[in-house]
Structures are given as C-alpha cells and as structure tokens.
Amino acid sequence: MADTETNALDALRDEAQTTSTPDVRAHLGRMADEHAALLTGEAWSAGAEDTLRAAIGMERKAQMEMRIGLGTDADALPIRKTKALADMTLDELRAEARENRVMTLRVLDLLLDTAGRRPVRAWTLGEEVPPEIYILSLRGRLDRLGQRVAEQRLGE
C-alpha cells in the first residue's frame with residue numbers, strides 16, 4: 001500500500017475515535033439532498049456526461065464494496081436494472097445519479113444495521129475496515145464526487 005493511502009487510512013482511524021457514525025450518516029443524507037438539488041440545473045459543461053458517468057461508476061463500486069461485506073444479508077437489497085452508462089444521455093445520467101445515491105445510502109443503512117447484529121467489514125483504500133471507518137471514507141469519496149459534478153455546472 002502506498003504511503004498516501006496508509007496516511008489517509010490512519011487519518012480515518014483517528015477521526016473514527018471522535019466521530020459518531022449516526023452523525024456521519026446524517027451528514028450523508030444532507031449531502032444527498034444537496035447533490036439532488038445540484039443535478040436539477042440545466043446549464044452543464046461539455047464534460048458533464050463523462051464526469052457523471054465516472055461519478056456514478058465510482059458510487060456503484062462503493063455499493064459493491066458494501067454488498068461484498070454484507071454477504072448473504074445483501075440478498076435483502078433489490079437489484080437495480082439499469083442501462084449501460086455509456087448509452088445514457090445527460091438527462092438520463094442526472095436521473096441515474098439521483099437514484100444511485102438513494103441506493104448507496106440504502107446499502108449503507110443495511111451495512112450499519114447488520115453491523116449492529118454481527119461483525120461486518122468493508123473495504124477502502126485497499127484494506128478491510130470496520131463500518132465506522134468505511135462510512136468516513138465513503139463520506140469523503142461522495143464529497144469529492146459531488147465536487148467534480150458541481151464543477152461541470154455553468155454560470156451557477
């Protein structure tokens with residue numbers, strides 16, 4: 001593992017000592033609302049589609065990480081049928097980004113609920129970590145993805 005990943009993971013471990021998981025989850029809910037509002041605008045740069053495709057793909061990866069950690073408990077989650085991101089228009093990508101965030105938070109909630117009943121781990125920065133560290137990493141990832149999408153808005 002690279003030193004920057006080790007340092008980032010150590011920073012998450014340190015933050016987990018003083019941060020409440022319910023507070024981080026509440027913050028993610030507020031971020032989801034802000035992200036949904038961001039996606040309603042009509043003025044987008046030429047690179048918006050590529051940025052949205054990348055952001056949605058990264059978020060789907062986070063969902064996969066959590067589903068793997070859930071094992072058979074993940075069977076309680078629906079499988080979303082979607083088109084390939086490459087085939088989606090900007091409007092479809094904006095709708096998919098909103099729906100994808102709802103699913104990300106749904107998978108996260110199941111991960112946190114399951115962790116209350118049995119040991120659950122997820123993967124971030126190349127390591128298996130407990131949910132209280134994973135949620136902090138997820139918050140950072142979703143924040144960075146949101147910033148990239150926000151940069152694609154024109155004149156706002």
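Identify which of THR124, THR18, THR114 has the largest mean-square fluctuation in a Gaussian network model of the chain, with springs joining Cα atoms closer than 10 Å.
THR18
Report the residue, chosen from ASP109, ASP73, ASP87, that carries the largest GNM mean-square fluctuation when the chain is represented by alpha-carbon nodes joined by springs under 10 Å.
ASP87
When the dipole is taken about the Cα centre of the stretch 1-95, and only Lys, Arg (+1) and Asp, Glu (-1) are charged at their Cβ, what size is it in debye, to the nearest 20?
With Lys and Arg at +1 and Asp and Glu at -1, about 380 debye.
If Lys and Arg each add +1 and Asp and Glu each add -1, what is the summed charge of the other residues whose beta carbon sits under 15 Å from the beta carbon of LEU111?
That works out to +1.
Can you send over the carbon and sulfur percentage of the accessible area for the stretch 27-108, probe radius 1.4 Å, protein chains only?
Ligands and nucleic acids excluded, carbon and sulfur reach 57 percent.
How do LEU138, LEU125 rank by accessible surface area computed with a 1.4 Å probe, from largest to smallest?
LEU125, LEU138
In terms of solvent-accessible area of protein heavy atoms at a 1.4 angstrom probe, what is the ranking of LYS61, LYS81, highest value first?
Greatest to least solvent exposure: LYS81, LYS61.
On average, how much accessible surface per residue is there in the chain, in Å², for a 1.4 Å probe, leaving out ligands, DNA and RNA?
53
Using a 1.4 Å probe on the protein heavy atoms only, what accessible surface does VAL120 show? Give it in Å² to the nearest 10.
10
Return the long-range amide H neighbours of THR124 (sequence gap of 5 or more, or a different chain), with a cut-off of under 5 Å between placed amide H atoms.
Amide H neighbours of THR124: VAL129.
If you bin the C-alpha pair distances of the stretch 21-102 every 10 Å from 0, what whole percents do you get?
Pair shares across the bins are 15, 44, 32, 9, 0.
Using a 1.4 angstrom probe on the protein heavy atoms only, could you order ARG118, ARG94, ARG148, ARG139 from most to least accessible area?
These residues rank, largest area first, as ARG148, ARG118, ARG139, ARG94.
Which of ALA36, ALA26, ALA122 ends up with the largest GNM mean-square fluctuation for the chain, with Cα atoms connected below 10 Å?
For the chain, modelled as a Gaussian network with Cα springs under 10 Å, the answer is ALA26.
The values are calculated or read from the model by the stated rules, or taken from the named source; none is laboratory data. Remember, it's a predicted structure, so these values are computed and weren't measured experimentally. Heads up, the Cβs are rebuilt from the backbone with ideal geometry, glycines too, and the neighbour counts pull from every protein chain shown. Quick note on the areas: whole protein, heavy atoms, side chains included, nothing else; ligands and nucleic acids left out. Shrake-Rupley method; radii C 1.70, N 1.55, O 1.52, S 1.80 Å.
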